[in-house]
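See structure below.
The values are calculated or read from the model by the stated rules, or taken from the named source; none is laboratory data. Remember, it's a predicted structure, so these values are computed and weren't measured experimentally. Cβ atoms come from the backbone with ideal geometry, glycine included; neighbour counts cover every protein chain shown. The accessibility values were calculated without ligands, DNA or RNA, using every heavy atom of the protein model including side chains. Shrake-Rupley method; radii C 1.70, N 1.55, O 1.52, S 1.80 Å.
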Amino acid sequence: MNKKIISIIIVVAILVIAVAGFLFYKNGAKEVSNLDELPVYMYEEDENYTKYTEVSGIEFSYPSNYKSIGNSNQPTFTDPEILGASVGLVYESSQGLNIEKYMEASIAGIEKTLTTNTEIQKEYINLNGVKAGKISYEMSQRGTSMKLTQVVIIKDGNAYVLTIGCLPDDVEKMQETTEKIIKSFK
């Protein structure tokens, strides 16, 4: 598969959830406020991972062999050995939305603007002591499918969206890496 097409898919997916967060605002999102009721994801340091800390107050770790294809405004890293495996971060003002409303609006935006091959799976998680939203889905663009997991945290008036992607055939192979990246996001 063409690396350029996969890179385009990754960038489009990252941008869609960021922009959709406030463009498709919906009311009536169910709020889960007790962190004790949520699945827990806690950071586990790994010497084979590189920590990204260039966005004020936010950090995440990714495998040290990943190569940067992004910039300081949209950091994106790809695995040179597994075609399509990537992680990227975007952020924007949360426009005063809480995590539930931001997630509902983002999902509505994804459903309106992307071709999804699967139902969007949504859950709220306790991510290092902070309530976060997590969605997973498969999307297609230009004949190429990608499995995406996106994690959103609201911090200091901004929504930070971490997107982890891979080709559908690599989901099982990437499962441990995906979990470690998610746990490192704070």
- State all residues of segment 39-55 that are part of a loop (DSSP other than H, G, I, E, B) and either among the acidic types (D, E) or under 18 Å from the mean Cα position of the chain (by Cα) (or both); if no residue qualifies, say none. P39, M42, Y43, E44, E45, D46, E47, T53, E54, V55
- Query: So which residues in segment 62-96 are within 18 Å of K173 (Cβ to Cβ) and β-branched (V, I, T)?
  - Reply: T78, I82, V87
- Item | In segment 78-101, residue modelled with the lowest pLDDT [restricted to those that are within 14 Å of V151 (Cβ to Cβ) and open to solvent by 10 Å² or more (accessible area, probe 1.4 Å)] | Y91
- Note on the structure: Contact list, first residue from segment 35-56 and surrounded by 14 or more Cβ atoms within 10 Å (Cβ to Cβ), second anywhere and of a type in the set (A, V, I, L, M), beta-carbon distance below 7 Å, six or more apart or interchain, is L38/V32; L38/I125; Y41/I125; Y41/L127; Y41/I182; V55/L89
